[in-house]
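Comments concern the structure below.
Read the figures in this text as sums done on the coordinates, not as results from a lab. This is a predicted model, so every value here is computed, not measured. Reconstructed Cβ throughout: ideal geometry from the backbone, glycine too, with neighbour counts over all protein chains shown.
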Amino acid sequence: MKEIPILYNRKEDCCGCSACYVICPGEAIHMMEDEEGFEYPKVDEKMCIRCCLCIKVCPLKSEIS
Ligand code: SF4
Ligand code: SF4
């Protein structure tokens, strides 16, 4: 089984647009609020079907095809 996708390593690599959350066909992504009230996606490993649509849709990862 492939690893679950890493949507961001640093918060600077995610603008919290929720596009990954919206596109996820497995409902595996939840937007979690951090201590400052900004929302970041979190992948539920058990729900993720490793389709990688979330990586493809992410505007900050457009360099990955
Ligand atoms: S790889 Fe697919 S199922 Fe897994 S979190 Fe991304 S969009 Fe959802
Ligand atoms: S699509 Fe990318 S920038 Fe938008 S919330 Fe998901 S990981 Fe963050």
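What list of ³J(HN,Hα) values in whole Hz, one per residue of region 38-51 in order, does the Karplus curve 6.51 cos²θ - 1.76 cosθ + 1.60 (θ = phi - 60°) give from phi, with Gly and Pro shown as x?
Karplus values, whole Hz, x for Gly and Pro: 8, 9, 10, x, 10, 8, 8, 4, 6, 8, 5, 9, 6, 7.
What's the magnitude of the charge dipole for region 11-61 around its Cα centre, counting Lys and Arg as +1 and Asp and Glu as -1 at the beta-carbon? Answer in Debye, nearest 20.
Magnitude of the dipole: close to 440 debye.
For the chain, what is Rg from Cα atoms divided by 2.2 N^0.38 Å, rounded to two decimals?
1.04
Would you mind checking which residues have amide H under 5 Å from Tyr40's amide H? H placed 1.01 Å from N; only 5 or more apart, or other chain.
Placed amide hydrogens put Met32, Glu33, Asp34 under 5 Å from Tyr40.
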